[in-house]
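See below for the structure under consideration.
The values are calculated or read from the model by the stated rules, or taken from the named source; none is laboratory data. Quantities reported herein were computed from a predicted structural model and do not represent experimental measurements. Don't worry about glycine lacking a Cβ; one is built from the backbone with ideal geometry, like all the others, and counts go over all protein chains shown.
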Amino acid sequence: MNTRKFLTVTFILTISLTACGQTKNKSLNEKKNIDNQRIDRIEISKRASPSDTTMFPLKVLTIEQVTTFADKWNKGTYLELRKYLPSFTLTVYLKSGALRHFRVGGKFIKENNDSCFDFGNENYFSDLYLNANITSNISYSTLKTGWYYIADTDNGFKRQLDKTTEYYFIDPSVIVPLEQFEKLELTDNKENFPMLIIRFDKNGTKSWSIATEKAIDKNLALIINDKLVATPKVNSQITAGVSALSRTGYDKQDLDEILKAIKAELQSK
């Protein structure tokens, strides 16, 4: 009886250990390298402390920093599961329009889940931020069509909400760019108000999910041709890859003009 029980426990333990090993190996295999030639830019933001929501000025990595960061990420081999509130966040903008988001805690960095890679140097990311360029020193002539975060301070780009007297400061780092808009539909909502539905592709859906989770109880901004057209409040994370434009001051004709403007911009790409 005791022998059977021992064998059963041993069998279960062996399966559990094997499964853990398979999960770890699978996570390692799922780590995507960063092709330095495909990077448009990398932006880094800092928090006063992991539990503080105050944001320091957004910065952009130098060309040399981009190269070294991509190289360290690609060579990263040590992996473990860790949960932490990020002290830094990095967003990699690819030339294709895709975005990759990274969260930093000390010398650890993770992307899509809690699988962390050890960069080895506790000061690497603080030095990276210290020596990066402030976005105000970067030439942004306009805000491209897409969804954006609204900045907590006046470090962002000041824009007036169309057909209102309201002003907002927009974080110039686009969340979901025009290139990730997959399908547009002009319809009516349940209250029979006109509504423009914007569906995203795979990359846009992923970025939108991350952004809406981060911005719960906050507002996001929709920019069309450098014009601020909407600042909806986020009530919950949206994983379905869809957004909508429906607000006071816009009738069906207004939304139709916006729809045509987006389509024309897409066709010019």
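Within the stretch 230-254, can you find the residues that are exposed (fewer than 15 other Cβ atoms within 10 Å of the Cβ) and either in contact with a His (Cβ under 8 Å, 6 or more places away or on another chain) or in a strand (DSSP E or B) (or both)? Across the stretch 230-254, the qualifying residue is only 233. Taking the numbered list (1) buried (at least 16 other Cβ atoms within 10 Å of the Cβ); (2) modelled with pLDDT of 95 or more in turn, residue 227 passes all entries but (2). Only one of the listed residues (108, 69, 56) is at pLDDT 70 or above and closer than 26 Å to residue 205 by Cβ. That residue is 69. Being closer than 25 Å to residue 111 by Cβ and either buried (at least 16 other Cβ atoms within 10 Å of the Cβ) or free of Cβ contacts under 8 Å to residues at least 60 places away in the same chain (or both) narrows it down to one residue among 157, 181; which is it? Of the residues listed, the single one that is closer than 25 Å to residue 111 by Cβ and either buried (at least 16 other Cβ atoms within 10 Å of the Cβ) or free of Cβ contacts under 8 Å to residues at least 60 places away in the same chain (or both) is 181. Of all residues in the stretch 214-229, those satisfying the criterion of being over 18 Å from the mean Cα position of the chain (by Cα) and outside any strand (DSSP E or B) are 225, 226.
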